[in-house]
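The values are calculated or read from the model by the stated rules, or taken from the named source; none is laboratory data. What you see is a predicted model; the values in this text were computed from it and never measured. Ideal geometry is used to build each Cβ from the backbone, glycine not excepted, and the neighbour counts take in all protein chains shown. Each accessible area value is taken on the protein alone, full model and side chains, heavy atoms only, with ligands, DNA and RNA left out. Shrake-Rupley method; radii C 1.70, N 1.55, O 1.52, S 1.80 Å.
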Amino acid sequence: MTDRTIMRRRDFWTSIFLIVVSAFFLYRTSLIPFFKADAAGVQGAWFNSAALVPFGIFSALLLLAFVLLAIAVKDGGMVGALSARAMGFTRSEAERLACVALILCAYIFALVPRTDFIACSALLITALIWGFHSGNRTAMRLSALMILLPSAYALIVHFPRDQWTKPHDDDIIVLIAFLVLTALMFLLSRRLGIMGRVVRITPVIAVLTPLLLVIAMAFGFRQNVPNRQGLIFSKIEYHYYVTLKPFWSGN
Amino acid sequence: MEFVTTQIAGFWIALAELASDPVTYVYLIASVFLGIVFGALPGLTATLAVTILTGFFSNKFPLEQSLIALIGAYVGAIYGGSYPSILLNIPGTAASAATAMDGYPLTRSGRGGEALGITTTASFIGTLFGTVCLLIFVWVLLLMSKNIASPEKALLALFGILLSGTLMSQDLVVKGWIAGLIGLAMAMVGLDPILSEDRYTFGWSYLLSGFQIVPVLMGAFAIPQIMDGLRATTMAAQIPQVGRIVPKFGEVLRRLPGITRSGAIGTGVGALPGVGEDVAGWVSYGVGKASSKEGSKFGRGSVDGLISAEAANNAAIGGALIPLLVLGIPGSPPAAALLGALKINNVIPGPTIDPALILRVVAILVMASLTMFIMGLFTARIFIMILRIPQTVFLPVVMVLTTIGSFSVGGGVNDLFLMICVGLVAYAMNVMKYPIAPLVIGAILGGLFDETFRRSLLISDGDPSVFFSRPGAAILLTLNVLLIMSQLPFVRRRFSRLRRNKETPA
């Protein structure tokens, strides 16, 4: 089976998806006033309607989606389009990809807004390096699990947005998850015979990277950093302003 | 003549001011170094380097310092891509793909050091060439831009999206155009620029101000790279031995005409809206092969082939900044990231841009290329060592960098949510072989297109002839129509039949 055949099968489904999406957005655009587009004191006409350009864009998208569908059907993309294997997706590949996507989503949607940035980034770095460096499936699954557990806890227990920036127990859970994952990494790597230089330096990279980054961003670049009330960062910030700064200023 | 002398004097003053400030050197050395590292590590790109630094500097630093950091990283990253291309046959960036054709065979024949040395020199001269062109053409275009009104701007923005979609497509051109349209559609989210009508916000107040450009850039360029890099297990690379890196003066002098020709091609291609360094490298390589006396040696370790790709992709930097500064239309994806940084700093590129800023950009480019040249020749071995770091180690670090950078620009988690959503969509598009650059160009130019298109109709009271009654608009409309027509199957068939008939006379 050639790459081209696989690509056309994928194109077949993509074009259908694009047709549905562009039709939906054409419907949404129809809700924007078109012929009587008066707003903000400006007398409206069809040519200054906010719907004019979107109508053009989604119509063009619909047209191109049909062109893509025609190309896909003409090149045999409809044949076997219902089989995942015929579409060129292997199970191990899909599992690996799903794990990466899940880890990234858990980190961004659940951990960064709610937990200490240094702790959750250390957990992410350990999970990604150990889980994906050696290609070992157990390492990958365990890494994904160890990041999903504290994420699920943070999401379930502290879901309302007003709770996100307050210090709470999920920081401790993330820290424990990081320590457990690091311990598992060393134990299993030794047992599986994949103990190399990368495994040995992973905890150093995992801790130093977010720590230095947050310090540089907050105090050097004077930028905003996520979750200032986080377990570790709040202590750093407190000692920066209460202990270090007065000491430097000679007070 | 007086205008020329004033500009030259202005440039020297800008250069002297930069050179006399010690902070400049700190920023330049750090950013060029970081840029070369980003370029050298396969999986990281020049766009990513500029985007990540945008997140760090955003609007809390003086504009000049931000520009030094971003331009330094841009120049360094385009050059840095040549390291893995030459030493490992793995292009560090798409812009260095043509470099691998001749660079790696040279390394295999034990001439890796020579290849690196001549690449560094060609990149330096190429960047300077592009910079000189920027200095000249930006003023010519600025004078012309007085006649550029809303219809021309709308058609130019459309041309940029279409051209980027056409040239960046790896599979079907229609996919490039779809990507561009998705980007345009993304730009429609939020309050519209003329009537402040609420569009596609679905009740989410964050979306009222539209998609923020930095999270979109980071999502589109960083997340797919991270996911793709982690999907495939890669082991640390075995770096071959390289000899002397500093090239011989005579050798450089002999190759100067070729470098200059490639520089001219690179600048020209770079100046085309939305196209960029990778296309510049390939076009120059193709022209070099056709025009060189030793064209048959291209692809088998030809130094001429190597310099034609490398001088062009670096010269494209200056070219890409021409439409960016004059029209606010980025010439390449990294220039799009630079536009994001300028906008964060409340600088609106276009005909009303501060002329002193252009001179400062030119002076920064000159200093950045000089820093790159010195670093490339005398500290190349450090970058060669960096190549040993496997992707699976540095990509998670990049994820954390991207997260904090994206957060700090907007100062909210909504930017992170947007970044990951755009990233997942961009990854899916990558898998389906849709180019990402047209999507980003579309997202950036969408607002400009919407505003100028409607303003044109508003001025003409709904008369569409405004798009072909003005000479500039007529030319641009013709270019757009020709570009679309050139991709239609029956037109392509007719052209290929005509070509065949010419080649085989009856």
Would you pick out the residues in the range B:282-311 that are within 22 Å of B:LYS248 (Cα to Cα), in contact with a Ser or Thr (Cβ under 9 Å, 6 or more places away or on another chain) and of a type in the set (A, V, I, L, M)? B:LEU306, B:ILE307, B:ALA309, B:ALA311
Within the range B:377-409, the residues that are touching an Asp or Glu at 6+ places or on another chain (Cβ under 8 Å), modelled with pLDDT of 85 or more and more than 8 Å from every other protein chain (Cβ to nearest Cβ) are B:SER406
Test: residue in the range B:122-137 that is closer than 30 Å to A:ASP11 by Cα and either of a type in the set (A, V, I, L, M) or in contact with a Cys (Cβ under 9 Å, 6 or more places away or on another chain) (or both): no
Within the range A:132-139, is there a residue that is crowded, with 16+ Cβ neighbours inside 10 Å, out of contact with any helix residue (DSSP H, G or I) (no Cβ under 7 Å at 6 or more places or on another chain) and either within 13 Å of chain B (Cβ to nearest Cβ) or not basic (Lys, Arg) (or both)? yes
Looking at (1) free of Cβ contacts under 8 Å to residues at least 60 places away in the same chain; (2) not in a helix (DSSP H, G or I), which is the one condition that is false for B:ARG388? (1)
Given the options A:THR202, A:THR165, name the one that is touching a residue at least 60 places away in the same chain (Cβ under 8 Å), within 25 Å of B:VAL398 (Cα to Cα), of a type outside the set (A, V, I, L, M, F, W, C) and buried (at least 21 other Cβ atoms within 10 Å of the Cβ). A:THR202
Filter the range B:415-451 for residues that are under 27 Å from A:PRO226 (Cβ atoms), within 9 Å of chain A (Cβ to nearest Cβ) and under 23 Å from the mean Cα position of the chain (by Cα); which is surrounded by the fewest Cβ atoms within 10 Å (Cβ to Cβ)? B:ALA428
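Restricting to the range B:406-448, give me the number of residues that are within 20 Å of B:LEU162 (Cα to Cα) and of a type outside the set (Gly, Ala, Ser).
Summing the residues that are within 20 Å of B:LEU162 (Cα to Cα) and of a type outside the set (Gly, Ala, Ser) in the range B:406-448 gives 14.
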Can you pull out every residue in the range B:255-291 that is without any contact (Cβ under 8 Å) to a residue 40 or more places away in the chain and open to solvent by less than 30 Å² (accessible area, probe 1.4 Å)? B:GLY288
State yes or no: is A:LEU123 farther than 22 Å from A:ILE215 by Cα and in a helix (DSSP H, G or I)? no
Before we move on, is A:GLN223 outside any helix (DSSP H, G or I), away from chain B (no Cβ under 11 Å) and either closer than 27 Å to B:PHE57 by Cβ or acidic (Asp, Glu) (or both)? no
Taking the range A:88-113 and keeping residues hydroxyl-bearing (Ser, Thr, Tyr), surrounded by fewer than 14 Cβ atoms within 10 Å (Cβ to Cβ) and within 11 Å of chain B (Cβ to nearest Cβ) leaves A:SER92
Which members of the range B:420-474 meet the condition of being of a type in the set (Asp, Glu) and assigned to a helix (DSSP H, G or I)? B:ASP450, B:GLU451
Selection from the range B:343-390 of residues open to solvent by less than 70 Å² (accessible area, probe 1.4 Å) and aromatic (Phe, Trp, Tyr) yields B:PHE373, B:PHE383
State whether the residues of the range A:8-19 include one that is under 28 Å from B:GLY203 (Cα atoms), at the interface with another protein chain (Cβ under 7 Å from one of its Cβ atoms) and modelled with pLDDT under 85. no
Can you confirm whether B:GLY412 is crowded, with 23+ Cβ neighbours inside 10 Å and within 10 Å of chain A (Cβ to nearest Cβ)? no
Filter the range A:43-63 down to the residues that are facing chain B (nearest Cβ under 8 Å) and out of contact with any Ser or Thr (no Cβ under 9 Å at 6 or more places or on another chain), then identify the one that is most open to solvent (accessible area, probe 1.4 Å). A:TRP46
Restricting attention to the range A:64-86, and to residues there that are in a loop (DSSP other than H, G, I, E, B) and open to solvent by less than 20 Å² (accessible area, probe 1.4 Å), which single residue is nearest to A:ARG8 (Cα to Cα)? A:GLY77
Enumeration of residues in the range B:404-419 that are without any contact (Cβ under 8 Å) to a residue 60 or more places away in the chain and in a loop (DSSP other than H, G, I, E, B): B:GLY411
